[in-house]
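In what follows, a structure is listed as structure tokens, so that the remarks can point back to it.
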Amino acid sequence: MSPRHQRVVGRRAVLKGMSLSALGVGGVLAGCGIPPAGQSADKCISTDMSSSQKTLNFSNWPSYMDESDEKVNGKTVLPTLEEFQKQSGIQVTYTADVNDNAEFYAKVRDQLGTCQSCGRDIFVLTDWMAARMVGLGWIQKLDHSKIPNVDKQLLKQLKAPAWDPNRDYSVPWQSGLTGIAYNAKVTKEVGSFTDLLTRGDLKGRVTLLSEMPDTMSFMLKLVGADPGKFTDADWSKALDKLQEYVGSGQVRRFTGNDYVQDLNAGNIAACEAWSGDVIAMQADNPDIKFVVPEEGLMLWSDNMLVPNKATHKTNAEALMNYYYEPEVAATLADWVNYICPVTGAKKAMETIDPDVVDDPLIFPDEATLAKTASFMPLDTAKAALYETDFNLAIGG
């Protein structure tokens with residue numbers, strides 16, 4: 001496995017157990033019948049100590065920060081983060097301990113639900129979990145006067161998600177696309193989810209993702225519903241459609257990003273896939289192709305959030321603003337290989353790594369972005385119900 005492949009795959013490899021963790025999440029969320037406690041800014045007051053304390057505790061996913069090939073005193077160097085510390089004077093304690101959205105939720109829910117510090121000033125979570133925490137009132141409102149780069153440079157398609165329409169609580173760290181990948185050595189082009197799930201030559205040679213919002217978004221599309229706004233009746237039809245494909249034997253299994261190995265080897269012919277993984281695979285295997293399905297693409301983000309009782313919000317906002325400087329954003333994107341949410345980064349990439357400038361999976365064009373949709377935000381009870389439905393359907 002090439003170094004580029006290793007570094008990109010790490011971000012989503014941690015999701016391969018999502019089916020099991022999501023199955024348990026209903027119990028986690030319900031807390032033995034007690035719903036997690038909602039909070040609000042007026043009753044859960046946070047004090048910002050940034051003016052006197054130049055520190056920041058930052059939790060992120062593995063392999064989601066640029067790394068140097070060299071080590072200093074046995075420690076991996078994170079170049080852009082080192083430069084932020086040098087420029088700002090803020091000392092960052094960086095921990096790659098967000099291994100799964102549901103697992104991380106379980107780790108912090110007791111503290112945040114009771115208006116206590118979770119020991120972090122900033123963490124990064126995927127849209128659906130970020131939406132849940134914002135809805136529970138667990139996240140501090142950002143001061144946009146302190147993040148002008150974000151307001152100026154944020155990709156327009158990411159400016160107004162339904163769960164945070166003014167980006168009052170969240171700033172995208174990186175984004176990605178969910179679509180179809182296939183191995184051209186073992187099958188002809190797969191142009192749609194209808195093809196993926198009905199073509200006889202693909203029977204038993206297909207995998208779908210075990211992360212519910214990804215897979216069910218396409219099931220909703222197949223029954224004519226909008227994944228960004230659907231009803232319980234739409235959900236039931238989509239779930240029936242999924243069970244139909246599972247029962248027919250068309251789908252071999254549901255995966256996290258461990259589809260990578262099987263697709264590379266030709267053990268499966270095609271699959272639902274994340275764009276960053278495909279970039280990594282293509283570095284070693286030119287037969288791996290990414291397809292914009294006829295049904296469209298799902299666009300998702302992993303978002304920076306400042307939790308209640310975090311005492312260094314202004315320091316966190318300084319970091320957010322720094323990572324929206326185009327040169328910094330391009331440097332990060334060149335390493336992680338997901339969609340860069342910073343508009344000016346493509347121009348900056350011309351100097352940093354010209355080979356990446358025209359990569360449509362890092363800098364998708366307007367036509368591609370116009371084909372994207374996002375999954376509807378769910379409240380806690382609905383999320384637990386739907387996740388349980390989904391995992392029963394896939395045999396989790």
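The values are calculated or read from the model by the stated rules, or taken from the named source; none is laboratory data. This one's a predicted model, so the numbers in the text were calculated from it and none came from an experiment. Cβ placement follows ideal geometry from the backbone for every residue including glycine, while neighbour counts extend to all protein chains displayed. SASA here: full protein model, heavy atoms, side chains in, ligands and nucleic acids out. Shrake-Rupley method; radii C 1.70, N 1.55, O 1.52, S 1.80 Å.
Quick look at the values:
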| item | result |
| --- | --- |
| Cα centroid separation, segment 207-263 to segment 61-83 (Å) | 37 |
| Gain in span if fully extended, Thr194 to Ser88, counting 0.36 nm per residue against the direct Cα distance | 33.0 nm |
| Relative contact order (%) - segment 58-130, alpha-carbon pairs under 8 angstrom, separation at least six | 40 |
| Charged-residue dipole, Cβ positions (Lys, Arg, Asp, Glu), segment 56-144 about Cα centre, Debye nearest 20 | 360 |
| Sparse-neighbour loop sites [GluC sites (Glu not before Pro); segment 69-150; at most 15 other C-beta within 10 Å; DSSP] | Glu70 |
| Filtered trypsin sites (Lys or Arg not before Pro), segment 116-194: DSSP coil and at most 15 other beta carbons within 10 Å | Lys141, Lys159, Lys185, Lys188 |
| Rounded, prolate or oblate (a/c below 1.5 giving rounded, otherwise prolate when a/b exceeds b/c) for segment 82-180 by Cα gyration tensor | rounded |
| Cα shape, segment 123-183, gyration tensor, a/c 1.5 rule | oblate |
| Residue-normalised accessible area of segment 43-105, given per residue in Å² at a 1.4 Å probe | 53 |
| Accessible surface, segment 145-193, averaged per residue in Å² (probe 1.4 Å) | 40 |
| Net charge contributed by nearby residues that have their C-beta within less than 12 Å of His312 (K/R +1, D/E -1) | +1 |
| Carbon/sulfur fraction of accessible area - segment 299-396, other protein chains in place, 1.4 Å, % | 54 |
| Calculated [θ] (222 nm, deg cm²/dmol) that DSSP helices of n ≥ 4 give over the chain, each run adding -39,500 (n - 2.57) | -12000 deg cm²/dmol |
| Top of Pro354, Pro172, Pro62 by mean-square fluctuation, Gaussian network on the chain, Cα under 10 Å | Pro354 |
| Among Ser170, Ser51, Ser117: highest mean-square fluctuation, GNM of the chain, C-alpha pairs under 10 Å | Ser51 |
| All lysines inside 16 Å of Lys289 as judged from Cα atoms, apart from same-chain residues fewer than 8 positions distant | Lys185, Lys188 |
| The chain - percent relative contact order, Cα under 8 Å, separation 6 or more | 29 |
| Heavy-atom accessible area per residue - segment 234-363, 1.4 Å, Å² | 32 |
| Listed residue pairs exceeding 32 Å between alpha carbons, taken from Lys86/Lys141; Lys43/Lys237; Lys107/Lys347 | Lys43/Lys237; Lys107/Lys347 |
| Mean separation of Cα contacts under 8 Å (6+ apart) over length of segment 327-396, as relative contact order % | 24 |
| Label zone at Ser117, where the point sits 7 Å out along the Cα-to-Cβ direction: segment 280-313 residues whose backbone N lies under 15 Å | 307-313 |
| Max mean-square fluctuation residue, GNM over the chain, Cα-Cα springs under 10 Å, options Leu385, Leu319, Leu81 | Leu385 |
